[in-house]
């Protein structure tokens, strides 16, 4: 062979190897481009900007790569089409180059064609074993950042792959482009649900497990505002509350963490922990009249629009079991606990006392009734043959709440229309009042007559 033939053979071999590598890169990019979201890229930029270990040159270089990826995912369909086109072209050209390589050695044409065909099969085998698309789907951000220049060059050379919004609507049947993070997540959730349904139909899971898996898939679309305790149901204490009073409030409410407020609910000071109060009183009995303001811990604030899955991971990572929910104007919207997020997966958490909420009214004295908190006011009127005439509340619990002007706790009492309503006990994880004792106001608390031992009304 002449030196020219040897040089040509080497060049063809090198180009063929480069094209095989490029084909694998394009396949990996195909799997990655549909999995990269705008939010992940924005978080990555923020991470680079706050990384003190990076030099200014390295920081700008990495941010520039992220910007290129952001440009590519604006039209995912076009980028995916460009990668697919170049992958196919690379495979075709690789077979042609190998056929030409074999032909340099003065082999018959059928040998050259067979060599190109066998090499193409070998490349296909390598693609199957290496699974570039799977790797791209597993690590989409890393793949796109690593090969962003190659993918950008492929997209630049294939302007015909770009599709109009009308074409995308016609193909997908949706108004929004797939490049929107919400639409991408929606598709992934639908795919996950379909997979769960198939596994359930095949008998792989119990129905309860299937429901839990389905609940997990909906965490990203459920917002914190949907699971929080609204501000109207929050049990709070003021900064000037004494430690002894706070301890009683913990005992009566059943909670171990209570928000501390100033002038109103929006004037949040912090969160008071039961263990802090107990520790202070255990080591200094004379501190029972000290205010709780000094013991309040800094509250964790979360927006009401935060997805529940992000909320759960955040609270798990920071080891906080309670967070204060704020609205878009900075006001207090409510509070949320990590148990609220768990309930979205496993269902409502009930204890042995929760059955009280579903019991029927029970007469415990001559003129005294123990009513479930959800008892309609109409039933109360029928029992005592009176007309309460409250249009803005429907249940006995709502009536007591309105009379008190705040959320009732165990022992809270109020009088209306000659009847005394007293919160008897609480149930459930949120310690909501389960039963309310109703009796004539002329009787002593607990249904005792005027000749009984003297007692005092308890108020919230």
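The values are calculated or read from the model by the stated rules, or taken from the named source; none is laboratory data. Every value quoted in this text rests on a predicted model; they were computed, and no experiment measured them. Cβ coordinates were reconstructed from backbone atoms using ideal geometry, including for glycine residues, and neighbour counts include every protein chain displayed.
One line per residue, one yes/no per condition, for (1) crowded, with 17+ Cβ neighbours inside 10 Å; (2) out of contact with any helix residue (DSSP H, G or I) (no Cβ under 9 Å at 6 or more places or on another chain); (3) in contact (Cβ under 8 Å) with a residue 40 or more places away in the chain:
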| site | (1), (2), (3) |
| --- | --- |
| 268 | yes, yes, yes |
| 272 | yes, no, no |
| 275 | no, yes, no |
| 283 | no, yes, no |
| 292 | yes, no, yes |
| 295 | yes, no, yes |
| 298 | no, yes, no |
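Considering (1) surrounded by fewer than 20 Cβ atoms within 10 Å (Cβ to Cβ); (2) free of Cβ contacts under 8 Å to residues at least 40 places away in the same chain; (3) under 21 Å from residue 115 (Cα atoms), say which one residue 93 fails and leave the rest.
Going through (1) surrounded by fewer than 20 Cβ atoms within 10 Å (Cβ to Cβ); (2) free of Cβ contacts under 8 Å to residues at least 40 places away in the same chain; (3) under 21 Å from residue 115 (Cα atoms) one by one, residue 93 breaks only (2).
Of the residues that sit in the stretch 411-436 and are assigned to a strand (DSSP E or B) and at pLDDT below 85, which one is farthest from residue 337 (Cα to Cα)? Show your work before the answer.
Within the stretch 411-436, the subset assigned to a strand (DSSP E or B) is 413-416, 419-427, 432-436.
Keeping just the survivors that are at pLDDT below 85 gives 424-427, 432-434.
Details: 424: 25, 425: 22, 426: 18, 427: 17, 432: 15, 433: 19, 434: 20 Å.
In this case the residue turns out to be 424.
Only one of 258, 235 is surrounded by 14 or more Cβ atoms within 10 Å (Cβ to Cβ) and assigned to a strand (DSSP E or B); which?
Exactly one residue qualifies, and that residue is 258.
Taking the stretch 305-326 only, how many residues are touching a residue at least 24 places away in the same chain (Cβ under 8 Å), farther than 19 Å from residue 345 by Cβ and more than 11 Å from the chain's Cα centre (by Cα)?
Of the residues in that region, 3 qualify.
Can you name the residue in the stretch 1-56 that is more than 30 Å from residue 141 (Cβ to Cβ) and in contact (Cβ under 8 Å) with a residue 12 or more places away in the chain and, of all such residues, is surrounded by the fewest Cβ atoms within 10 Å (Cβ to Cβ)?
Here the answer is 1.
Go through the stretch 97-106 and count every residue that is without any contact (Cβ under 8 Å) to a residue 24 or more places away in the chain and in contact with a helix residue (DSSP H, G or I) (Cβ under 8 Å, 6 or more places away or on another chain).
Counting residues in the stretch 97-106 that are without any contact (Cβ under 8 Å) to a residue 24 or more places away in the chain and in contact with a helix residue (DSSP H, G or I) (Cβ under 8 Å, 6 or more places away or on another chain) gives 3.
Go over the candidates 138, 165, 131 one by one and state the one that is on the phi > 0 side of the Ramachandran plot and either at pLDDT below 75 or in the same structural domain as residue 45 (by TED's automatic domain parsing) (or both).
Step by step, each of 138, 165, 131 is checked, and only 131 is on the phi > 0 side of the Ramachandran plot and either at pLDDT below 75 or in the same structural domain as residue 45 (by TED's automatic domain parsing) (or both).
Inside the stretch 404-423, can you point out the residues that are crowded, with 18+ Cβ neighbours inside 10 Å and out of contact with any helix residue (DSSP H, G or I) (no Cβ under 7 Å at 6 or more places or on another chain)?
413, 420, 422
State all residues of the stretch 192-219 that are modelled with pLDDT of 70 or more and within 21 Å of residue 313 (Cβ to Cβ); if no residue qualifies, say none.
Within the stretch 192-219, 212, 213, 214, 215, 216, 217, 218, 219 meet the criteria.
Exactly one of (1) modelled with pLDDT of 85 or more; (2) in contact with a helix residue (DSSP H, G or I) (Cβ under 7 Å, 6 or more places away or on another chain); (3) surrounded by fewer than 19 Cβ atoms within 10 Å (Cβ to Cβ) is unmet by residue 315. Its number?
Exception for residue 315: condition (3).
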